[in-house]
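The values are calculated or read from the model by the stated rules, or taken from the named source; none is laboratory data. Since the structure is predicted, the reported quantities are computational estimates derived from the model, not experimental observations. Heads up, the Cβs are rebuilt from the backbone with ideal geometry, glycines too, and the neighbour counts pull from every protein chain shown.
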Amino acid sequence: MPRRAATFLVTWLALLVALTASCAPGSTSAPQHPNPAPVQEVAVSATVATDPAGEEAEMPAVALDLGPVPVTPADPVRGRWDAPVTLVVFSDLECPYCKRLDVTLNELRRLYGPNQLRVVWKNNPLPFHPNARPAAETAMALFAHRGADVFWAFQDAIFSSSKRPTPEVQEEALRQVGATPEQLNVLLESGAAKRKVSEDMELARQLRATGTPASFINGVFLSGAQPPDKFQEIIDAQLLAAKALREQGVPARDLYTTLVRKNYVAAAPPPPAPEEPEEDLTLYRAPVGTSPVKGKSTALVTMVIFSDFQCPFCARVDPTVHDLLARYGDDLRVVWKNAPLPFHPRAEPAAQLALEARAQKGDTAFWEASAQLFANQKNLDDDALLAIATTLKLNVPAVKRAIETHKHKASIEADQELADDLRATGTPHFFINGRRLVGAHPTDKFQEVIDAQLAKARALVAQGTPPAKVYDVVQKDATAATALTTVTIPAPGKANPSKGAPNARVVVQVFSDFQCPFCARVLPTLDELVKAFPGQVRIVWRNRPLPFHKEAPLASEAAMEAYAQKGAKGFWAMHDLLFQNQRAENLNRAALEQHAATLKLDLAKFATALDTGAHRGAVQADIQIADDAKLMGTPNFVINGYVVSGAQPLAHFKRVVKRALADAQKTK
């Protein structure tokens with residue numbers, strides 16, 4: 001047995017023991033979300049994901065394809081184990097080209113079916129994608145403990161997001177597959193997922209697949225997010241080669257090993273890896289303002305933190321921050337900025353408590369409250385918050401009033417606006433003397449950045465800058481807020497469903513998908529936005545069903561038929577019925593017909609419209625507009641030309657609308 005093959009066999013056996021013992025784009029070159037039961041430990045069987053037809057592709061008791069590009073039960077798979085063509089893809093969950101290729105792979109799976117094409121995932125997180133490795137380890141832990149279906153659901157959730165897989169996006173993806181960050185920590189304890197990712201990366205290095213995505217189709221190498229026809233050309237040739245081997249008497253179980261050995265040996269070596277981009281050394285303007293501070297004003301390094309009391313990653317990094325304060329002493333100052341995320345409902349009340357503690361007893365009380373909030377993060381309801389207030393000997397009735405009346409709303413929104421300006425969209429988010437650092441990094445990464453900034457600050461002091469003025473000097477030439485992204489897309493017409501004031505000065509074109517959980521999450525925000533600007537905002541629907549959301553395209557057509565029959569009122573009624581439950585049973589053909597009956601549509605016309613694809617052209621036209629504008633994920637919004645990507649908080653939408661209104665006023 002080849003050495004590499006033996007390594008993979010041993011690794012898989014070790015993984016099984018661990019489970020039972022414990023509870024760049026390519027060099028040539030934004031899901032379906034089930035709601036399974038909460039995470040629990042299960043036995044791992046040698047099966048792959050359920051195929052689209054509902055058939056489970058069972059493997060033999062030992063199914064190890066140990067050629068140059070090995071496939072083992074430790075790999076997530078879609079398709080039957082005995083499919084004549086196997087496509088092994090080395091991918092990175094933060095790579096935009098991998099996201100693009102994922103759409104192509106789903107198209108290929110639908111085209112060829114699970115009996116002809118098997119898709120195998122291997123991890124190759126690139127070093128300049130800081131979120132890729134943690135996301136890969138999370139995905140592999142889910143696979144090891146929950147199986148392939150949950151792995152692919154997590155992967156789909158990550159790729160469906162219009163954002164990078166920050167800790168917050170990963171947390172949302174976990175929620176979609178029925179897991180929590182706390183449960184994930186238990187799953188990661190054995191270290192098996194980390195080892196599996198490392199072994200995939202080593203295999204990629206040996207195969208010289210140094211960029212992502214990198215695909216091996218029965219051993220034939222194809223680099224980058226190539227169009228479907230490039231893959232089809234190779235797959236069709238391999239189907240013929242596999243057929244010829246079967247006619248010669250080669251068993252199905254030996255097809256992959258036979259073909260991959262032949263094709264990989266004959267394949268040209270991959271082109272060299274892309275150069276790693278230079279690290280972002282930009283210094284950003286992150287003012288201290290009137291925020292809570294820990295440390296002296298004479299500190300040579302100021303670390304501004306955008307954080308959220310309900311964010312588990314913020315809680316995880318909090319001890320690291322205190323270790324750094326102890327390590328650097330008077331040389332480090334920490335500044336807190338509140339950035340409660342919209343899907344953490346208790347983060348804002350917790351921030352109100354901490355700010356009220358500061359109002360009553362100063363910065364020391366704020367940091368004491370912060371420590372207790374993180375320590376008790378699993379329970380931040382009103383009673384728990386008041387209990388913390390009691391422990392801190394605060395004026396509890398005043399704390400209660402502050403929470404109920406959102407007393408410190410202006411301060412929190414000011415922090416959120418600053419975060420918005422700095423594109424600090426996830427938490428925790430750090431600016432160290434203006435240098436950006438995202439996520440809950442280990443201590444040594446913080447030290448690396450702090451030490452570099454400390455050396456520069458000491459040089460300024462040596463040149464005569466007073467220590468208390470160092471941060472001002474550093475910030476003077478720092479980069480200001482990034483301008484909003486703009487695109488030009490066609491103006492909506494009567495064929496586009498809308499709501500709000502017909503002659504509104506601000507038009508919000510919403511590119512959305514009825515099966516996208518982020519699209520559902522943003523709906524209350526849009527309603528609040530319309531209320532915040534009465535008579536000034538109109539919401540326009542644009543269809544953007546993503547290819548890997550199986551039920552979304554037909555759901556879009558159903559909504560457009562409701563619009564055709566009953567106008568905007570009919571469309572938005574169908575819209576609400578579809579979004580109230582995004583699982584397949586509420587979006588399949590039978591469910592759509594039931595919704596049509598509920599809305600008293602003409603059922604014969606409705607059925608004919610779906611059967612003939614009467615609205616398919618309109619849906620495709622919206623998709624083309626999104627593609628031309630490079631609005632790849634959902635939800636995406638174009639607000640008088642300004643782009644907002646993802647389910648952003650209300651404050652962000654309000655700022656963009658205010659900007660659009662100001663522009664409209666200038667052009668009067």
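The figures follow:
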{"read-out": "Options A573, A532, A558: the member that is of a type in the set (G, A, S) and over 27 Å from V657 (Cα atoms)", "value": "A558"}
{"read-out": "Among the residues listed as V461, V507, the single one being outside the structural domain of F159 (by TED's automatic domain parsing) and either out of contact with any helix residue (DSSP H, G or I) (no Cβ under 9 Å at 6 or more places or on another chain) or within 29 Å of R285 (Cβ to Cβ) (or both)", "value": "V461"}
{"read-out": "Output for the range 111-130, where each listed residue is within 30 Å of S198 (Cβ to Cβ) and of a type in the set (A, V, I, L, M)", "value": "L117, V119, V120, L126"}
{"read-out": "Residue check, V474 under 30 Å from D421 (Cβ atoms) and modelled with pLDDT of 95 or more", "value": "no"}
{"read-out": "Single residue of L341, L325 found to be within 30 Å of K469 (Cβ to Cβ) and surrounded by fewer than 24 Cβ atoms within 10 Å (Cβ to Cβ)", "value": "L325"}
{"read-out": "Total residues in the range 636-658, condition more than 13 Å from V537 (Cβ to Cβ) and either in contact with a Gly (Cβ under 6 Å, 6 or more places away or on another chain) or in a helix (DSSP H, G or I) (or both)", "value": "3"}
{"read-out": "Filter pass, R100 being surrounded by fewer than 23 Cβ atoms within 10 Å (Cβ to Cβ), of a type in the set (D, E, K, R) and over 22 Å from the mean Cα position of the chain (by Cα)", "value": "no"}
{"read-out": "Single match in L380, L418, L373, L386 (criterion: in a loop (DSSP other than H, G, I, E, B) and out of contact with any strand residue (DSSP E or B) (no Cβ under 6 Å at 6 or more places or on another chain))", "value": "L380"}
{"read-out": "Hits in the range 303-325 - residues which are small (G, A, S) and farther than 16 Å from R436 by Cβ", "value": "A315"}
{"read-out": "Complete set of residues in the range 109-128 that are over 30 Å from P84 (Cβ atoms) and out of contact with any Lys or Arg (no Cβ under 8 Å at 6 or more places or on another chain)", "value": "L126, P127, F128"}
{"read-out": "Search result, residues across the range 327-352 that are part of a helix (DSSP H, G or I), closer than 18 Å to A452 by Cα and either hydrophobic (A, V, I, L, M, F, W, C) or touching a strand residue (DSSP E or B) at 6+ places or on another chain (Cβ under 8 Å) (or both)", "value": "Y328, D331"}
{"read-out": "Per-region count, the range 137-163, residues closer than 17 Å to T72 by Cβ and in contact with a Lys or Arg (Cβ under 8 Å, 6 or more places away or on another chain)", "value": "3"}
{"read-out": "Long-range neighbours under 7 Å by Cβ, at least six apart or interchain, first residue within 30 Å of L101 (Cα to Cα) within the range 522-546, second in a helix (DSSP H, G or I) and hydroxyl-bearing (S, T, Y)", "value": "N543/S556; P545/S556; L546/S160"}
{"read-out": "Residue satisfying all of: in the range 586-604; of a type in the set (A, V, I, L, M) and assigned to a helix (DSSP H, G or I); nearest to A552 (Cα to Cα) among these", "value": "L587"}
{"read-out": "Options G439, G500: the member that is closer than 30 Å to P345 by Cβ and either assigned by TED's automatic domain parsing to the domain that holds K569 or at pLDDT 90 or above (or both)", "value": "G500"}
{"read-out": "Subset of the range 328-338 [surrounded by fewer than 21 Cβ atoms within 10 Å (Cβ to Cβ) and among the charged types (D, E, K, R)]", "value": "D330, D331"}
{"read-out": "Residues located in the range 146-171, provided they are under 19 Å from V317 (Cα atoms) and among the acidic types (D, E)", "value": "E168, E171"}
{"read-out": "Unique residue being over 28 Å from R316 (Cβ atoms), polar (S, T, N, Q) and not assigned by TED's automatic domain parsing to the domain that holds P127 when the list is Q453, Q536, Q447", "value": "Q536"}
{"read-out": "Check on R423, surrounded by 19 or more Cβ atoms within 10 Å (Cβ to Cβ) and in the same structural domain as A299 (by TED's automatic domain parsing)", "value": "no"}
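One line per residue, one yes/no per condition, for (1) under 28 Å from N503 (Cβ atoms); (2) basic (K, R); (3) assigned to a helix (DSSP H, G or I); (4) not assigned by TED's automatic domain parsing to the domain that holds W152:
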{"residue": "E528", "(1), (2), (3), (4)": "yes, no, yes, yes"}
{"residue": "K531", "(1), (2), (3), (4)": "yes, yes, yes, yes"}
{"residue": "V540", "(1), (2), (3), (4)": "yes, no, no, yes"}
{"residue": "A558", "(1), (2), (3), (4)": "no, no, yes, yes"}
{"residue": "Y563", "(1), (2), (3), (4)": "yes, no, yes, yes"}
{"residue": "K569", "(1), (2), (3), (4)": "yes, yes, yes, yes"}
{"residue": "W572", "(1), (2), (3), (4)": "yes, no, yes, yes"}
{"residue": "F606", "(1), (2), (3), (4)": "no, no, yes, yes"}
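Let's see how each residue does on (1) small (G, A, S); (2) buried (at least 20 other Cβ atoms within 10 Å of the Cβ):
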| site | (1), (2) |
| --- | --- |
| K194 | no, no |
| R205 | no, no |
| P213 | no, yes |
| G219 | yes, yes |
| L222 | no, yes |
| P228 | no, no |
| Q232 | no, no |
